[in-house]
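The values are calculated or read from the model by the stated rules, or taken from the named source; none is laboratory data. Nothing here was measured: the structure is a model prediction, and the numbers come from that model. Methodologically, a virtual Cβ is constructed for each residue, glycine included, from the backbone with ideal geometry; neighbour enumeration extends over all protein chains shown. Please note that ligands, DNA and RNA were not included when accessible areas were found on the heavy atoms of the full protein model with its side chains. Shrake-Rupley method; radii C 1.70, N 1.55, O 1.52, S 1.80 Å.
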Amino acid sequence: MIEMSWRQVILHLTHPFTLSRGTSTEKTNILITLRWEDFEGIGEAAPHSFFGETPETIEQQLERSIPLLGADPFRLEEILSRLREEGGVSGSALAAIDIALHDLVAGSLGVPLYRFLGLSADVERYTSFTIALDTIEKMVARLKEAGTFPVFKIKLGGERDLEAIRALRAETDVPFRVDPNGAWTVVEAIEGGEELKDCGIEHLEQPIPPEDPAELGKVGAGQPLPVYADESCRVTGDIPKLAPHVDGINVKLMKCGGIREAMRMIAVARAYGLKVMLGCMIETSVGITAAAHLMSLVDCLDLDGNLLIDNDPYVGVTHQDGKLRLPAGPGIGVTRRKPSASTSTA
Ligand code: MG
């Protein structure tokens, strides 16, 4: 039988992280381990309050999953369907199990996950780095200390959004992606897109609340910047109704339930001619590295969740000036970080 255990990890954010919905200084995620024969797989759940998740609701779902895991981890589709349909497991709890199963089966074969999936690591892909919402002065300070990245994601939804973008633009020429996390109205998004069109913005991500896909279409039609859906697009079934109204979607393992569902989303998005971004929550290198194995399939990456914490217990995908490099080891390829390596003593 496949056995499962888990533990909570409290992640310390290097800086208070503010979105249009609120501020946090730490984040509780759950790391799970699956065991089968002599093999282990590791996975991570990053619960998100926007989707009604807490560490406790994740643990309840994991508890319900134990008798549904079965005896053969290679039957990935069967196990994950059973968890969804019989266990009501979804979102980041399902992602944790999906990641751990993939780590386990690819690891037991001795191949990196991307090879198990038929993908390549030999591609040039860069992650954006996120500048959270704050006072304009602090956002500028974060940009200055962030180091070299080929693109920044700017969280908006405050009182002085356009001023913030102009202040940041005065510091650098690299492109920005703008993400108000649904804080704007349709009118504000149209006016904002028009105002920002000459500010080197690649796209607007989820400018307005997610309830009505057609409203995103009004934003897209009313101003020149491409529009990506994030909160509006959780799983594959969300894509057909969004497709006529957006230019791209942000796929996250924690939203959709893991690697298999993410690959389905990417395939369906492509069939509709949409661009695809691979994004993340605040996650350790376990979740971020698992997602990075899919990097060859997408147009752009926002996989910086592990760069926003100072006590990541694992080492996995690395980056140089934003360029990602997958680990060479089997499975997702993460290893325990040595205690003294980079933990903050502050
Ligand atoms: Mg977003």
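Please give the number of the condition PRO244 fails out of (1) out of contact with any Pro (no Cβ under 9 Å at 6 or more places or on another chain); (2) open to solvent by 10 Å² or more (accessible area, probe 1.4 Å).
Exception for PRO244: condition (1).
Go through the range 23-64 and give me each residue that's of a type in the set (Gly, Ala, Ser) and in contact with a helix residue (DSSP H, G or I) (Cβ under 8 Å, 6 or more places away or on another chain).
Scanning the range 23-64 gives GLY41, GLY43, ALA45, ALA46.
Can you tell me which residue within the range 66-105, out of those that are among the polar types (S, T, N, Q) and surrounded by fewer than 23 Cβ atoms within 10 Å (Cβ to Cβ), is nearest to LYS252 (Cα to Cα)?
Filtering the range 66-105 for residues that are among the polar types (S, T, N, Q) and surrounded by fewer than 23 Cβ atoms within 10 Å (Cβ to Cβ), the one nearest to LYS252 (Cα to Cα) comes out as SER90.
Tell me which residues, restricted to the range 108-120, are in contact with a helix residue (DSSP H, G or I) (Cβ under 9 Å, 6 or more places away or on another chain) and either open to solvent by less than 50 Å² (accessible area, probe 1.4 Å) or on the phi > 0 side of the Ramachandran plot (or both).
Within the range 108-120, PRO112, LEU113, TYR114, LEU117, LEU119, SER120 meet the criteria.
Can you tell me how many residues within the range 144-166 are open to solvent by 10 Å² or more (accessible area, probe 1.4 Å), within 23 Å of the chain's Cα centre (by Cα) and of a type in the set (Lys, Arg)?
So the answer is 1.
From the list LYS252, LYS338, which residue is open to solvent by 10 Å² or more (accessible area, probe 1.4 Å), touching a strand residue (DSSP E or B) at 6+ places or on another chain (Cβ under 9 Å) and under 23 Å from GLN61 (Cα atoms)?
Within the list LYS252, LYS338, the selection yields LYS252.
Which of the residues that make up the range 10-53 are in contact with a Ser or Thr (Cβ under 7 Å, 6 or more places away or on another chain) and of a type in the set (S, T, N, Q)?
Of everything in the range 10-53, those that are in contact with a Ser or Thr (Cβ under 7 Å, 6 or more places away or on another chain) and of a type in the set (S, T, N, Q) turn out to be ASN29, THR33.
Any residue at all in the range 165-183 that's among the charged types (D, E, K, R) and more than 23 Å from LYS144 (Cβ to Cβ)?
no
In a loop (DSSP other than H, G, I, E, B) and open to solvent by 30 Å² or more (accessible area, probe 1.4 Å), is that true of VAL123?
Answer is yes for this residue.
Could you grab me the full set of residues in the range 212-270 that are among the small types (Gly, Ala, Ser), more than 29 Å from ARG82 (Cβ to Cβ) and away from the ligand (no atom under 16 Å from the Cβ)?
Selection gives ALA214, GLY217, GLY220, ALA221, GLY222, ALA243.
Taking the stated definitions as given, is ASN311 open to solvent by 30 Å² or more (accessible area, probe 1.4 Å) and of a type in the set (S, T, N, Q)?
Yes, satisfied.
Among the residues of the range 136-173, what is the count of those that are more than 21 Å from GLN206 (Cα to Cα) and not in a helix (DSSP H, G or I)?
Within the range 136-173, residues that are more than 21 Å from GLN206 (Cα to Cα) and not in a helix (DSSP H, G or I) number 9.
Take the residues in the range 177-209 that are part of a loop (DSSP other than H, G, I, E, B) and of a type in the set (Val, Ile, Thr); name whichever of them is farthest from the ligand (Cβ to nearest atom).
THR185
Listed here are the residues, each with its yes/no results for (1) under 29 Å from PRO327 (Cα atoms); (2) aromatic (Phe, Trp, Tyr).
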residue: GLN8; (1), (2): yes, no
residue: ASN29; (1), (2): yes, no
residue: GLU37; (1), (2): yes, no
residue: PRO67; (1), (2): no, no
residue: PHE74; (1), (2): yes, yes
residue: ALA100; (1), (2): yes, no
residue: ASP103; (1), (2): yes, no
residue: ALA106; (1), (2): yes, no
residue: LEU109; (1), (2): yes, no
